[in-house]
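Peer 1: Input: one structure, supplied below.
The values are calculated or read from the model by the stated rules, or taken from the named source; none is laboratory data. On a predicted model such as this, the values are computed, not experimentally measured, just so you know. Neighbour counts are summed over all protein chains in view; Cβ atoms, including those assigned to glycine, are modelled from backbone coordinates with ideal geometry. Heads up: the accessible areas ignore ligands, DNA and RNA and are worked out on the full protein's heavy atoms, side chains in. Shrake-Rupley method; radii C 1.70, N 1.55, O 1.52, S 1.80 Å.
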Amino acid sequence: LLRFDLGRLLGLRDPKALQATCGLLHREVLLPEGGQSLLERLDEESHKHAFAVSTDLKFGAQKAIELLGNEAVRYRREVQKLRTFDEHDGLDAAELTRECITYLYRLLFLFYVEARGAELGVVPMQSDAFRLGYSLESLRDLELVPLTTEEARNGTYINDSLRKLFRLIQRGHGKGQRSLHLATADDGTPFEGALHATFELKGLRSPLFDEERTPLLRAVRFRNQVLQEVLQLLSLSKEGGKSRGRISYAQLGINQLGAVYEGLLAYTGFFAKEELYEVRDAAEMKSDDARTYFVPKSKIDAYAKKEIVSDEFGRPLVHPKGAFLFRLSGRDREKSASYYTPEVLTRCLTKYTLKVRLGEPLLADDANETATSRGASKEGDS
């Protein structure tokens with residue numbers, strides 16, 4: 001819908017605003033003799049934009065998982081001083097992949113529920129204390145802040161903030177309590193009257209935010225430069241387009257997020273056992289969805305230069321030995337039968353399954369659905 005506040009528009013007496021109002025309310029705009037109305041075109045374009053953004057988000061998620069995995073490898077080797085690639089007590093690529101995907105799903109979940117705060121009621125975005133002090137949205141404001149010092153790049157402020165947020169989401173925040181948020185002067189002295197009402201948050205108690213399910217990443221303290229890039233990949237549309245804008249999770253529907261989820265099912269994580277080059281079919285070089293192959297350095301001379309994938313500087317894209325890669329492997333999804341079911345099908349499936357379960361008589365038009373719904377009811381139990 002288009003909504004107009006005529007009292008305000010007439011009170012402003014702005015000729016351009018009045019011209020825009022007349023244009024938008026013109027008969028040819030609302031009910032044209034041929035073609036779509038303006039509202040229909042806007043609605044159609046919004047769906048196209050949502051699809052384009054979800055495509056960008058899928059590849060951003062893939063790159064984010066690689067960043068998280070490689071940082072976990074670095075931390076384990078350089079900070080924890082633990083064996084990483086040992087066959088018996090080293091890092092398991094499948095487990096690392098699972099935990100990185102879980103971490104990514106936590107971020108996507110929070111982006112979505114915070115963007116629809118009032119509608120979903122999962123997080124108290126109406127509270128200044130939560131929105132400005134704890135929310136993922138507040139960290140999103142740091143996505144393009146230059147990290148100019150070693151302390152800024154290698155610090156763990158974003159990591160520590162996300163951990164605190166994850167704990168709040170999982171455990172909740174007490175009812176009727178008051179939290180002390182003290183603003184301080186340069187010498188650390190609290191300002192008087194810096195006590196603010198706290199917020200109430202019901203804990204999810206969800207496996208998604210259960211720290212026990214991510215023991216590898218729980219031990220890792222991600223650097224600011226890594227998590228900032230992860231937030232960029234999940235917050236901004238892909239580089240190289242006409243305009244790189246901020247992704248609006250409020251505008252993304254379940255189907256678009258489902259497409260991202262299904263896209264990730266086609267990927268698998270593994271460690272490079274030797275230095276690897278990326279190669280593609282020359283005809284599909286510019287397609288992000290094209291199959292990529294990894295070739296050891298000893299065999300790269302067998303490929304034409306136009307088949308070797310390059311980085312943003314035009315240099316061959318090389319992955320060092322031990323690098324964590326998360327790339328297409330469609331066979332894994334086929335073997336596990338893991339697919340995202342579109343909303344239009346799940347609604348139908350749920351409707352007829354519930355009718356059978358609740359003992360409601362099926363109408364004549366539902367006769368053809370009986371076998372399907374009864375067969376699917378077992379799936380509904382799970």
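Peer 1: Which of (1) open to solvent by less than 30 Å² (accessible area, probe 1.4 Å); (2) touching a residue at least 60 places away in the same chain (Cβ under 8 Å) does Ala115 not meet, given it meets every other one?
Peer 2: Against the list (1) open to solvent by less than 30 Å² (accessible area, probe 1.4 Å); (2) touching a residue at least 60 places away in the same chain (Cβ under 8 Å), Ala115 comes up short only on (1).
Peer 1: Can you work out which of the residues in region 294-312 that are among the acidic types (Asp, Glu) and open to solvent by 90 Å² or more (accessible area, probe 1.4 Å) is modelled with the highest pLDDT?
Peer 2: The first filter runs over region 294-312 and keeps only residues among the acidic types (Asp, Glu), leaving 301, 307, 311-312.
Now narrow it down to the ones that are open to solvent by 90 Å² or more (accessible area, probe 1.4 Å): 301, 312.
Details: Asp301: 92, Glu312: 80.
Step by step, filter region 294-312, then rank; the result is Asp301.
Peer 1: Output the residue which, of all residues in region 19-74 that are basic (Lys, Arg) and surrounded by 14 or more Cβ atoms within 10 Å (Cβ to Cβ), is modelled with the lowest pLDDT.
Peer 2: Lys58
Peer 1: Here is a further query. So if I check each of Leu139, Leu120, which one is among the hydrophobic types (A, V, I, L, M, F, W, C), open to solvent by 30 Å² or more (accessible area, probe 1.4 Å) and at pLDDT below 95? Walk me through how you get there before you give the answer.
Peer 2: Values: Leu139 fails: open to solvent by 30 Å² or more (accessible area, probe 1.4 Å).
Result: Leu120 is the single residue among Leu139, Leu120 that is among the hydrophobic types (A, V, I, L, M, F, W, C), open to solvent by 30 Å² or more (accessible area, probe 1.4 Å) and at pLDDT below 95.
Peer 1: Another question, if that's okay. One residue is enough: does region 12-19 have a residue meeting the conditions outside any helix (DSSP H, G or I) and farther than 27 Å from Glu229 by Cβ?
Peer 2: Yes: region 12-19 contains one or more residues that are outside any helix (DSSP H, G or I) and farther than 27 Å from Glu229 by Cβ.
Peer 1: Here's another thing I want to ask about it. Does Leu18 count as touching a Leu at 6+ places or on another chain (Cβ under 9 Å), over 30 Å from Tyr267 (Cα atoms) and touching a residue at least 12 places away in the same chain (Cβ under 8 Å)?
Peer 2: When the stated conditions are applied, Leu18 does not pass them.
Peer 1: Would you confirm, using the coordinates I've provided, whether Arg77 is open to solvent by 50 Å² or more (accessible area, probe 1.4 Å), more than 30 Å from Gly269 (Cβ to Cβ) and part of a helix (DSSP H, G or I)?
Peer 2: On the way: open to solvent by 50 Å² or more (accessible area, probe 1.4 Å): yes; more than 30 Å from Gly269 (Cβ to Cβ): no; part of a helix (DSSP H, G or I): yes.
Criteria not met by Arg77.
Peer 1: Which is modelled with pLDDT of 85 or more and more than 27 Å from Arg77 (Cβ to Cβ), of Arg315, Arg291, Arg244, Arg280?
Peer 2: Unique residue meeting the criteria: Arg280.
Peer 1: Checking Leu96 against (1) closer than 27 Å to Asn255 by Cβ; (2) modelled with pLDDT of 95 or more, which single condition isn't satisfied?
Peer 2: (1)
Peer 1: Kindly establish whether Leu180 is modelled with pLDDT under 95, among the hydrophobic types (A, V, I, L, M, F, W, C) and under 19 Å from Val73 (Cβ atoms). Break it down stepwise before answering.
Peer 2: Details: modelled with pLDDT under 95: yes; among the hydrophobic types (A, V, I, L, M, F, W, C): yes; under 19 Å from Val73 (Cβ atoms): no.
When the stated conditions are applied, Leu180 does not pass them.
Peer 1: Is region 136-143 home to any residue that is in contact with a His (Cβ under 7 Å, 6 or more places away or on another chain) and in a helix (DSSP H, G or I)?
Peer 2: No, region 136-143 has no match at all.
Peer 1: List the residue pairs whose Cβ atoms are under 8 Å apart, where the first residue sits in region 212-236 and is of a type in the set (Lys, Arg), the second is modelled with pLDDT of 95 or more and open to solvent by less than 10 Å² (accessible area, probe 1.4 Å), and the two are 6 or more positions apart or on different chains.
Peer 2: If the second residue must be modelled with pLDDT of 95 or more and open to solvent by less than 10 Å² (accessible area, probe 1.4 Å), the pairs left are Arg213/Glu99; Arg221/Asn159; Arg223/Glu71; Arg223/Asn159.
Peer 1: Quick one: is Gly269 under 22 Å from Asn70 (Cβ atoms), surrounded by 13 or more Cβ atoms within 10 Å (Cβ to Cβ) and modelled with pLDDT of 90 or more?
Peer 2: The answer is yes for Gly269.
Peer 1: Still on this structure: Just to be sure I understand the filter: pairs with C-beta atoms under 8 Å, separated by 6 or more residues or on different chains, first member in region 130-146 and within 13 Å of Leu231 (Cα to Cα), second member open to solvent by 60 Å² or more (accessible area, probe 1.4 Å). Which pairs pass?
Peer 2: If the second residue must be open to solvent by 60 Å² or more (accessible area, probe 1.4 Å), the pairs left are Glu137/Arg131; Ser138/Arg131; Ser138/Leu132.
Peer 1: Any idea how many residues of region 209-225 are in contact with a Lys or Arg (Cβ under 8 Å, 6 or more places away or on another chain) and either on the phi > 0 side of the Ramachandran plot or open to solvent by less than 40 Å² (accessible area, probe 1.4 Å) (or both)?
Peer 2: Here the count works out to 3.
Peer 1: From (1) in contact (Cβ under 8 Å) with a residue 24 or more places away in the chain; (2) over 28 Å from Leu136 (Cα atoms), pick out the condition that doesn't hold for Arg83.
Peer 2: (1)
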